[in-house]
């Protein structure tokens, strides 16, 4: 992960770094899949449990997709970029919707992330965040203001880094989990903005709107 992260900082090694990170995060994605079986057996066969596990899958999958998009940069073969953009659109769209549903169907477990000083109550902000996730996902899937939606999704993740996550680091500076969650969230910010820029570049370079096409269209 360190080598991949360093690699994407330089143009000559960016594609190799993106490929490495894409593969690593895809492996992490696969590691989540057994929880689709075990989590319901432990926590109960409830829809929020499945949604929560899929949110864990999605958190790794969007990072893997961003790595793949870096690999499929303008230096890649012409046939690679459109395919990767299409796949990434579905990944970011569906994962964002699932992130939103995980907020809306499990308010109680998300209360801890809302600082107590925020007005209007923690439930309000969790619901608003969930709705924003769902709307962003729908926009990206339908190609309606998709670049803006992906950009704002990244901005929302960045807001979490500023508002919600520092409290856990301050509460226990030696907690590696708190630092890791903060670092991953920054990676999610970058992933969303990589996707947004990829959409914008593809649209500019190909003179098209890069929207998803219906079958037979």
Identify, from the list 189, 114, the residue that is under 19 Å from residue 66 (Cβ atoms), surrounded by 18 or more Cβ atoms within 10 Å (Cβ to Cβ) and without any contact (Cβ under 8 Å) to a residue 60 or more places away in the chain.
-> 189
Checklist (1) modelled with pLDDT under 95; (2) in a helix (DSSP H, G or I) applied to residue 62, failing item | (1)
Take the stretch 158-180 and flag every residue that is in a helix (DSSP H, G or I) and touching a helix residue (DSSP H, G or I) at 6+ places or on another chain (Cβ under 7 Å).
-> 158, 160, 161, 168, 169, 178, 179
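Considering only the stretch 1-22, how many residues are surrounded by 11 or more Cβ atoms within 10 Å (Cβ to Cβ), under 12 Å from residue 70 (Cβ atoms) and free of Cβ contacts under 8 Å to residues at least 60 places away in the same chain?
Quick first cut of the stretch 1-22, residues surrounded by 11 or more Cβ atoms within 10 Å (Cβ to Cβ) only: 1, 3-8, 13-22.
When the remaining residues are screened for being under 12 Å from residue 70 (Cβ atoms), the result is 4-5, 7-8, 13-22.
So of that shortlist, the ones also free of Cβ contacts under 8 Å to residues at least 60 places away in the same chain come out as 5, 7, 13-14, 16-22.
The total comes to 11.
Looking for something over 28 Å from residue 132 (Cβ atoms) and touching a helix residue (DSSP H, G or I) at 6+ places or on another chain (Cβ under 7 Å) - is there at least one such residue anywhere in the stretch 51-63? Show your work before the answer.
Residues of the stretch 51-63 that are over 28 Å from residue 132 (Cβ atoms), as a first pass: none.
For the stretch 51-63, residues over 28 Å from residue 132 (Cβ atoms) and touching a helix residue (DSSP H, G or I) at 6+ places or on another chain (Cβ under 7 Å): absent.
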Unique residue being modelled with pLDDT of 95 or more and farther than 21 Å from residue 190 by Cα when the list is 131, 91 | 131
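Okay, residues lined up against (1) over 17 Å from residue 196 (Cα atoms); (2) out of contact with any helix residue (DSSP H, G or I) (no Cβ under 6 Å at 6 or more places or on another chain); (3) surrounded by fewer than 18 Cβ atoms within 10 Å (Cβ to Cβ):
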{"position": "70", "(1), (2), (3)": "no, no, no"}
{"position": "125", "(1), (2), (3)": "yes, yes, no"}
{"position": "131", "(1), (2), (3)": "yes, yes, yes"}
{"position": "136", "(1), (2), (3)": "no, no, no"}
{"position": "148", "(1), (2), (3)": "no, yes, yes"}
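The values are calculated or read from the model by the stated rules, or taken from the named source; none is laboratory data. In this text, all values refer to a predicted model and were calculated from it rather than measured experimentally. Quick reminder, even Gly has a Cβ in these numbers, built from the backbone with ideal geometry, and neighbours come from all protein chains shown.
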